[in-house]
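Shown next, in structure tokens, is the structure this report addresses.
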Amino acid sequence: MLIDLHTHLEGRVRPATAVALAADLGLPDRDWAAALTLPRPGTLTTFLDRVGASYPFFSSPDAITRIAREAVEDAAADGVDHLEVRFGPGTHVRAFGLDMDDVIAAVCRGFADGTAATGLPAGVVIAALRSHPDDLNAEVVAAATRFAGRGVVGFDLAGDELRFPDLERYVSLFRAAGAAGLGLTCHAAEAAPGVMARRAVELLGVTRIGHGTHIVDDPDVLAWCADHGVVVEMCPTSNWFTGALAAVADHPAPRFRDAGVPVVLGDDNPVQTGSSMAAERRVLHEELGFSPADLAELDRVSVAAAFLEPGQRSALAARLPR
Ligand SMILES: [Zn+2]
């Protein structure tokens, strides 16, 4: 099975769509394929530059709906069985003066259209950003809760954890998201030390950690995550392309597995890396030594840990190989 539990809408803008939308939006002529994609592993700066090149296309609800619909279509074509996509509306609301609810509704509409066309179920995980002001993030979570049960399934915190290490600021946001029934996750221990993952679980109540690669550097935190069933969302190729890993074979997936930490998989920013869920699963098997039994366990964890609408979990569980 392919259950994508960590991917960003901003990392799923098709280059061909960028070309078409650029004409509609009156953007300057440029080589959008080169602007959006990384031909080889780079640095976090070059990676974020390519992701940021997609931002001008989030300037209208219609464009956002198209991007969201195509994200579902592309995942379906990749063979994905369930899709959860993160999206940080604050960036685009602020840049383009859009209405927060209009932006989230546009994403939900695109996903519903994509699901109707392909049969692939897709949920939205709304992300607050560490670099954004508190009032903007409060607006983001309030809007996310209004769409709970109408396409939005989860809440996340993303952004530079080294420059913005304080998590206390987000306690009330995560409490509100959880009270609305949203699943909770947080990008943590991706750049910062492993202990930040434990703090995110304890302070924010998240059940999942995005990336979490530095957890393995701290044996106490690694054991704590295993004891508490903290699910780590792994995106090996993305970590390689940002320069966090010298080679994809250096990803700590085997160490999580050996420590008993439950793991799931995502393709993070597939347009930038040129990877996909099918490719990420091959990486786990061929580069990181995951056996068929390890992959079956990852599938079971993914079904249990996914943020789903009522009724979806049993439907997904029924598709697990027996
Ligand atoms: Zn991410």
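A short reminder: the numbers here are calculations on the coordinates, not readings from a lab. Keep in mind that what you see is a predicted model, and the values were worked out from it rather than measured. Cβ placement follows ideal geometry from the backbone for every residue including glycine, while neighbour counts extend to all protein chains displayed.
Values computed for the structure shown
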read-out: Cβ-based charge dipole, the chain, positive-most Cα from F57, P165, F241; value: F57
read-out: Relative contact order (%) - criterion: Cα under 8 Å, at least six apart; region: the chain; value: 20
read-out: Long-range HN-HN contacts of T7 with modeled amide H, under 5 Å; value: R86, D268
read-out: Mean projection area, nm², convex hull over Cα of the stretch 1-141; value: 8.8
read-out: Protection proxy ranking, peptides 12-18, 211-217, average beta carbon neighbours within 10 Å, highest first; value: 211-217, 12-18
read-out: Virtual spin-label span in nm between Y55 and R163, 7 Å along Cα→Cβ; value: 1.1
read-out: Where Rh is the Kirkwood radius over Cα pairs, Rg/Rh for the stretch 128-187; value: 0.95
read-out: Base-10 log of normalised Debye intensity for the stretch 209-322 (one unit scatterer per alpha-carbon) at q = 0.14, 0.16, 0.18 Å⁻¹; value: -0.58, -0.75, -0.94
read-out: Ranking of E309, E202, E168, E233 by count of other Cβ atoms within 10 Å, fewest first; value: E168, E202, E309, E233
read-out: Length released on extending from A317 to V171, taking residue separation times 0.36 nm less the Cα-Cα span; value: 49.4 nm
read-out: Estimated distance in nm for a label pair at R255 and A116, the labels positioned 7 Å out from Cα along Cα-to-Cβ; value: 4.8
read-out: Given charges at beta-carbon only (K, R positive; D, E negative), |dipole| of the chain in Debye; value: 400
read-out: Cα-based convex hull, the stretch 3-305, per residue volume (Å³, whole number); value: 116
read-out: Kirkwood-type radius of the stretch 1-60, with distances r between different C-alpha atoms, in Å; value: 12.5
read-out: Cα gyration tensor shape for the stretch 163-267, rounded if a/c is under 1.5, else prolate or oblate; value: prolate
read-out: For A188, distant residues with modelled amide H under 5 Å away; value: G210, G212
read-out: Mean projected area in nm² (Cα convex hull; one quarter of hull surface) for the stretch 77-199; value: 8.2
read-out: Given charges at Cβ of Lys, Arg, Asp, Glu: the chain dipole, positive-most of T207, P193, Q272; value: T207
read-out: Value of [θ]222 nm, deg cm²/dmol, for the chain, DSSP H segments ≥ 4, -39500 (n - 2.57) each, nearest 500; value: -14000 deg cm²/dmol
read-out: Pairwise centroid distance, computed over Cα atoms, of the stretch 39-55 with the stretch 93-129, Å; value: 23
read-out: For G183, residues with placed amide H under 5 Å, excluding near neighbours; value: G154, F155
